[in-house]
Amino acid sequence: MRVEMPEFEAVPVTKLEQMADALAIRRRVFIEEQGVPEDEEIDIHDGDPAIVSTALHIVLYLDGAPIGTGRLLLPHDGEGAHIGRVAVLAEHRGIGAGRAVMKVLHGNALYRGIHDITLAAQLHAIGFYERLGYVARDDVFLDAGIEHRWMDVRL
Ligand code: COA
């Protein structure tokens, strides 16, 4: 049996239109689906990519349509590298899109000489990140009313 694999195109966000695609996915997933308040979801790292230098955003396209996103916060102000806002539209989950977003973010981190990454995982997503090598630590904490744990990986 031949299994067709979806062909994703992962694009590093450099233009406002791509940033709008990333934010539209996050609006659907985090604000509408999960109930995260808009003023907690969008922050200073989500501005015009021509100006904001603290984050690298990725948008994943399938057949030209944006379906997934995530961002790498670069080390700044004494903080290490941090991945966050990883989201795939509900109708496109389970086909490897989330893993593709993470792999591209990891590749970009390595390209910058970054080997250690931390993220705050929603409890339901811990297994997803474990498959990518992340290890959970410390107690559960609440962020935007959602239970999380810290996870780390060394690439
Ligand atoms: N728990 C355990 N394993 C999971 C999982 C979960 N919630 N979601 C996916 N996986 C596994 C898959 O089975 C697959 O396993 P395999 O390597 O054996 O094939 C692997 O992780 C990759 O899955 P993938 O299809 O790439 O995941 P996805 O595209 O469905 O994306 C999320 C996963 C978490 C990004 C997606 O469910 C999502 O957007 N959820 C809502 C937003 C969210 O909660 N984001 C995380 C915030 S911390």
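The values are calculated or read from the model by the stated rules, or taken from the named source; none is laboratory data. Note that this is a predicted model, so its numbers are computed, not measured. Every residue, glycine among them, receives a Cβ derived from its backbone with ideal geometry; neighbour counts consider all protein chains shown.
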* From Ala55, Ala81, which residue is buried (at least 18 other Cβ atoms within 10 Å of the Cβ) and farther than 20 Å from Phe30 by Cβ? -> Ala81
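With the requirement that a residue be over 17 Å from Arg93 (Cα atoms) and hydrophobic (A, V, I, L, M, F, W, C), what does region 20-37 give you?
At the first step, the residues of region 20-37 found to be over 17 Å from Arg93 (Cα atoms) are 20-21, 23, 31, 35-37.
Selection gives Ala20, Leu23, Ile31, Val36.
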* Which residue, of Arg149, Arg71, Arg112, is surrounded by fewer than 16 Cβ atoms within 10 Å (Cβ to Cβ) and modelled with pLDDT of 95 or more? -> Arg112
* Asked: Looking at region 106-116, is at least one residue closer than 22 Å to Phe30 by Cβ and in contact with a Lys or Arg (Cβ under 8 Å, 6 or more places away or on another chain)?
  -> no
* Asked: For Leu142, all conditions in the list (1) near the ligand (Cβ under 10 Å from one of its atoms); (2) of a type in the set (A, V, I, L, M); (3) over 16 Å from the mean Cα position of the chain (by Cα) hold save one; what is the number of the exception?
  -> (1)
* Failed condition for Ala90, given (1) within 16 Å of the ligand (Cβ to nearest atom); (2) without any contact (Cβ under 8 Å) to a residue 60 or more places away in the chain; (3) surrounded by fewer than 21 Cβ atoms within 10 Å (Cβ to Cβ) -> (2)
* To do: Evaluate region 121-133: report whether one residue or more is more than 8 Å from the ligand (Cβ to nearest atom), surrounded by fewer than 21 Cβ atoms within 10 Å (Cβ to Cβ) and free of Cβ contacts under 8 Å to residues at least 24 places away in the same chain.
  => yes
* Structure fact -> Glu33 fails exactly one of (1) under 15 Å from the mean Cα position of the chain (by Cα); (2) over 23 Å from Lys103 (Cα atoms), namely (1)
* Going by the conditions given, is Gly107 over 15 Å from the mean Cα position of the chain (by Cα), more than 7 Å from the ligand (Cβ to nearest atom) and small (Gly, Ala, Ser)? -> no
